[in-house]
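Take a look at the structure below.
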Amino acid sequence: MLVRLALIATTLLASAACQAPASPVVSATPSSGVQPGGAFRTALSADIATLDPWNANDPNSLLVTRQIFETLVEYEPGSFRIVPKLARSWSVSPDGRMWTFVLRSGVKFHDGTDLDAAGVALNLERARLRDHPLRGATSPDRFRTYASLLEGFDDAGIVTRVDAPDASTVTITTRTPFGPLLADLAMPSFAIVSPASIRADPSGWATPASAAVAGTGPFVFRVGAWQREQQVTLERNAAYWARDRFGAALPYVDRVVFRPIRDETARIAEMRRGELDAVREITPGAVPTVSADPNLGLSNDRALGVAYLGISQLARPFDRIEVRRAIAMAVDKQLLAITMYAGNARGASQLLVPGMLGYDDSVVEFYRYDTAAAKRLLVDAGFPSGFTTELWYPATWRSSYPEPRRVADSIAADLARIGIVATVRAMDAAALRTDARADRVPLWLGELAGASADPDAFFPDGGAWAGDVVRELLRRARYEADASKRTELYKQVSKLIQQDAARIPLVHADTLVAASKKVRGLVLDPIGVEAYTAVWLGK
């Protein structure tokens, strides 16, 4: 124990309010200190796939589209609090089934057309209806991501209609009260595109050849801006509707340049030479190089996800709750966070993310790290000498597992200390998820990363593995519009999952961004893609 402590020492929302104020959503450094102009240059890990926010299914595409398009509501920068964006206010009916959004006045798309309720309704219908003529080439993954909202269980349909009773009002009617609605609408996928730009070129508006793509966002796409595998350049929207809190025009920079550079070493090298201003998704292995450069800074934010250790409840001896609890006590999360994630992770006490609606701040540990107590539980379960098993991990890099084999080896070493000998084995991530759902693997490394920042998204299977009581609590939370009631339901869920110990939360890994120290106003977003509205470049 002393050796482990020495190693540690040396290697060291939540609001869905019924009524929201019509307040600005962007804040920045006082305008008197801002130096406007210039180009903000950042790297992508791969080229984008589309300019259509609905059909964008990867973080690179969503990062670019977020600069062009905007949503009705959004997460406050750096938090899970939902605030107004294109809608200046919203309300929900007493029965929780009709949501009314009042749009900001005077907002125009980049093509000069007005933002109005009919255009918003078209965008939402385009996402909701599979056979909508302007839907575009939606991928199967995108459909599965928001299937709960768009189609509902048993294809009954959660959203039953979208209406525009007047030019500034949009109503969304749901079959039942639906708690995740606001959080889903705040995700970049539900951004609003100019209907005129879609109709002008239905088959080509979201491609590199686009001559029509238009949103309401801080940056504008011009013809030829997307040069495949080279760069995407967006120009400042001189007519952007939002202002900073001092009344100064936004955005501050003249353009944003995105360059796809697949190799991390190459991305960092270009940034160190001054050819890039920022690099996202820094892995722990690159942290020493960035930290050693006096011209660079490293920022971190908790990502929208949690790494966990999954345990099959069907395979012996894991059907014994004492065994599952022993495993939970055997994993040293603090050491894992420090040694495997370069200190850029925190031990997780539950499957939800801190700050999210439903997160229980009173729960600070899932189970206390205690190898002696874990051994006693194994004796009580009838395994005084331990047993052998297998621990499976995803074969490729994941956001929660930058080095999955090393994480698996670390956990296997922890289990060995209480007599459980686990052979580590790799599997394709998608295949591992399938086998885990079917209880074909005894232990595995899993990852929960919600399609939105709503707790409902962290239980995509409705909690089928957690038992009837948890499933019913999750069902009630899903079909409840009152945020305070939903919060209490999810706290109950977390406590029951803790008692059962079939999913052991490990760590919340940070999102790491390296940037030149000239960069100002860059606020990381836990949903994974930031708006560059308030970014500026200092001396």
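Every number in this text was worked out from the coordinates using simple rules, so none of it is lab data. Note that the structure is predicted; figures quoted are calculated from it, not measured. Glycine gets a Cβ as well: all are built from the backbone with ideal geometry, and neighbour counts include every protein chain shown.
Take the alpha carbon atoms of segment 33-139, find their radius of gyration, then divide it by 2.2 N^0.38 Å using N residues; give the quotient.
Output field value: 1.27.
Rounded if a/c is under 1.5, else prolate if a/b beats b/c, else oblate: with a ≥ b ≥ c from the C-alpha gyration tensor eigenvalues square-rooted, which is segment 416-521?
Because a/c hits 1.5 or more and a/b fails to exceed b/c, segment 416-521 counts as oblate.
Helix-derived [θ] at 222 nm for the chain: sum -39500 (n - 2.57) over DSSP H runs of at least 4, divide by residue count, nearest 500?
Taking each H run of at least 4 residues, the total per residue is -7500 deg cm²/dmol.
Using the C-alpha gyration tensor of the chain, what are the square roots of 5 times its eigenvalues, in whole angstrom, with the largest one first?
41, 29, 20
Report relative contact order for segment 306-510 in percent, whole number only (criteria: Cα-Cα under 8 Å, sequence separation at least 6).
After rounding, I find 36 percent.
Report the charge-dipole magnitude of the chain in Debye, nearest 20, computed about the Cα centre from +1 at each Lys and Arg Cβ and -1 at each Asp and Glu Cβ.
It works out to roughly 720 debye.
Tabulate in residue order the Karplus-calculated ³J(HN,Hα) for segment 249-257, using 6.51 cos²θ - 1.76 cosθ + 1.60 with θ = phi - 60°, rounded to whole Hz; enter x for Gly and Pro.
5, 10, x, 8, 7, 6, 7, 10, 10
How much net charge surrounds LEU234 when only other residues with a Cβ under 12 Å from its Cβ are counted (Lys, Arg +1; Asp, Glu -1)?
Summing Lys and Arg as +1 and Asp and Glu as -1 gives +3.
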